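Here the structure comes first, spelled out in structure tokens, and everything after it is commentary.
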Amino acid sequence: MTAQLIDENGFSVYHKNKQIEFNISDALSNLGVDNGASDNIQKHQNNKLTTHKGRALLIVQSKNKTGKANITASFDTARKATVNILIK
């Protein structure tokens, strides 16, 4: 999953970096996070990450369960977005 910061008008924000926290359903495993920066020294096995040029990446894997799963990305404690996926 790729997260992109956007402004109040829905335009991508590339000039700011924020810490994003990912929360995933129990049906998924967090394989890692990254922001694409060549000088990134943040831990990849984490659920928090500072964006680079407003972007972050979360890699997940199914735990061999079927059904629905949720991934929520949040920052500044008040702003968040949730993606619902179907695992087959």
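Read-outs throughout are calculated quantities, based only on the coordinates presented, and are distinct from any laboratory measurement. This structure is a prediction, so every number in the text was calculated from the model and none was measured. Glycine gets a Cβ as well: all are built from the backbone with ideal geometry, and neighbour counts include every protein chain shown.
Quick look at the values:
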item	result
Matching residues in segment 1-24 - criterion: being aromatic (Phe, Trp, Tyr) and within 15 Å of Asn35 (Cα to Cα)	Tyr14, Phe22
Criterion violated by Leu49 - all others in (1) closer than 11 Å to Lys18 by Cβ; (2) in contact with a Lys or Arg (Cβ under 7 Å, 6 or more places away or on another chain) satisfied	(2)
Segment 12-52, subset of a type in the set (Ser, Thr, Tyr) and assigned to a strand (DSSP E or B), residue farthest from Val83 (Cα to Cα)	Thr50
Residue selected from segment 2-42 under the condition among the hydroxyl-bearing types (Ser, Thr, Tyr) and surrounded by fewer than 14 Cβ atoms within 10 Å (Cβ to Cβ), by the criterion nearest to the chain's Cα centre (by Cα)	Thr2
